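The values are calculated or read from the model by the stated rules, or taken from the named source; none is laboratory data. Nothing here was measured: the structure is a model prediction, and the numbers come from that model. Using ideal geometry, Cβ is built from the backbone for each residue, glycine included, and neighbour counts are taken over all protein chains shown. Side chains are part of the model used for accessible areas, which takes the heavy atoms of the whole protein and leaves out ligands, DNA and RNA. Shrake-Rupley method; radii C 1.70, N 1.55, O 1.52, S 1.80 Å.
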Amino acid sequence: DSGNQGGSDDESDAPSTTNEIIDAAYALADGESLDGTYTLSGEISSVDTPYDSFYGNITVTIKVPGCEDKPMKCYRIKGEGADSLLIGDTITVKGYIVNYKGGVQFGEGSSLLKVEKTGSEVKAPSDPKQIVKEAYALKEDETLPYKATLTGKITKVNEYYNPSFGNITVTIVVAGMNDKPIKVYRLAGKGVENEAFGEGDTITVTGMITNYKGEVEFA
């Protein structure tokens, strides 16, 4: 027994210690995966995609103790506590490990087994312009570490109200920052079903802001 927290559920010659698992994962070529499933624990260093209440999953990146230089993305993991994960929380994840387009990650469908609430909620800046600037500094697939509230004028209706899902997608401009529009993806709330709701209206939105495929948006 190595005493490490990593583990495989398969062949005896498979990597078994934490270091062996992560080294093997980082040796994978694009499109390759390790045989079997593995369990790792680590501290959340980023929330890459906010919790999706429709699908019940979230994407985070963890840093495993002793292997902090080799972060592990946990793609669309599901399990109890997934809806409230914060940067700094320590989690245990079980699933298959793959190299997807050069990034090492637990693949979709992996399970969140345990959550230790060691993180703390990050407060949003009080200045909305600062929030917008930080949003535009995000790299692709990154998410701001806090829940933001912004008030802005609707400049475009991207997708009209969908009665089946009770939402609408619009674009807003905050505090005259016309060069930094923010999409509000599948917005739900009071008044969105009104036929008059749309361009020119001023709305207040709360949620997680992410850079999704190069576009800044409320998730």
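If I filter the stretch 46-56 for residues that are aliphatic (A, V, I, L, M) and modelled with pLDDT of 85 or more, do I get at least one hit? Taking every residue of the stretch 46-56 in turn, at least one turns out to be aliphatic (A, V, I, L, M) and modelled with pLDDT of 85 or more.
Take the stretch 112-124 and flag every residue that is free of Cβ contacts under 8 Å to residues at least 60 places away in the same chain and in contact with a strand residue (DSSP E or B) (Cβ under 8 Å, 6 or more places away or on another chain).
Leu112, Val115, Glu116, Glu121, Val122, Lys123, Ala124 - these are the residues of the stretch 112-124 that are free of Cβ contacts under 8 Å to residues at least 60 places away in the same chain and in contact with a strand residue (DSSP E or B) (Cβ under 8 Å, 6 or more places away or on another chain).
Of everything listed in (1) at pLDDT below 95; (2) open to solvent by 60 Å² or more (accessible area, probe 1.4 Å); (3) in a strand (DSSP E or B); (4) closer than 30 Å to Ala25 by Cβ, the single unmet condition for Asp141 is (3). Residue count for the stretch 75-95 under the criterion of being surrounded by fewer than 20 Cβ atoms within 10 Å (Cβ to Cβ) and among the β-branched types (Val, Ile, Thr): the result is 3. From the list Lys156, Lys190, the lone residue that is basic (Lys, Arg) and assigned to a loop (DSSP other than H, G, I, E, B) is Lys190. Selection of the stretch 112-132 for residues being open to solvent by 70 Å² or more (accessible area, probe 1.4 Å) and in a loop (DSSP other than H, G, I, E, B) yields Lys117, Thr118, Ser120, Glu121, Lys123, Ser126, Asp127. Looking only at the stretch 65-94, residues that are part of a loop (DSSP other than H, G, I, E, B) and either in contact with a helix residue (DSSP H, G or I) (Cβ under 6 Å, 6 or more places away or on another chain) or among the basic types (Lys, Arg) (or both) come to 2 in all. In the stretch 96-111, the residues that are open to solvent by 60 Å² or more (accessible area, probe 1.4 Å) reach residues that are aliphatic (A, V, I, L, M) with C-beta atoms within less than 8 angstrom, at least six apart or across chains, in these pairs: Tyr96/Leu34.
Residue-wise test of (1) surrounded by 15 or more Cβ atoms within 10 Å (Cβ to Cβ); (2) closer than 18 Å to Tyr51 by Cα.
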{"site": "Gly166", "(1), (2)": "no, no"}
{"site": "Val174", "(1), (2)": "yes, no"}
{"site": "Met177", "(1), (2)": "yes, no"}
{"site": "Glu195", "(1), (2)": "no, no"}
{"site": "Gly200", "(1), (2)": "no, no"}
{"site": "Thr204", "(1), (2)": "no, no"}
{"site": "Tyr212", "(1), (2)": "yes, yes"}
{"site": "Val216", "(1), (2)": "yes, yes"}
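Going by the structure shown, is Lys183 farther than 22 Å from Ile77 by Cα, in contact (Cβ under 8 Å) with a residue 12 or more places away in the chain and either crowded, with 16+ Cβ neighbours inside 10 Å or out of contact with any Lys or Arg (no Cβ under 7 Å at 6 or more places or on another chain) (or both)? Yes; evaluated as a whole, the condition is true for this residue.
State whether the residues of the stretch 141-148 include one that is of a type in the set (Lys, Arg) and farther than 26 Å from Lys73 by Cα. Looking for residues that are of a type in the set (Lys, Arg) and farther than 26 Å from Lys73 by Cα, one finds none in the stretch 141-148, hence no.
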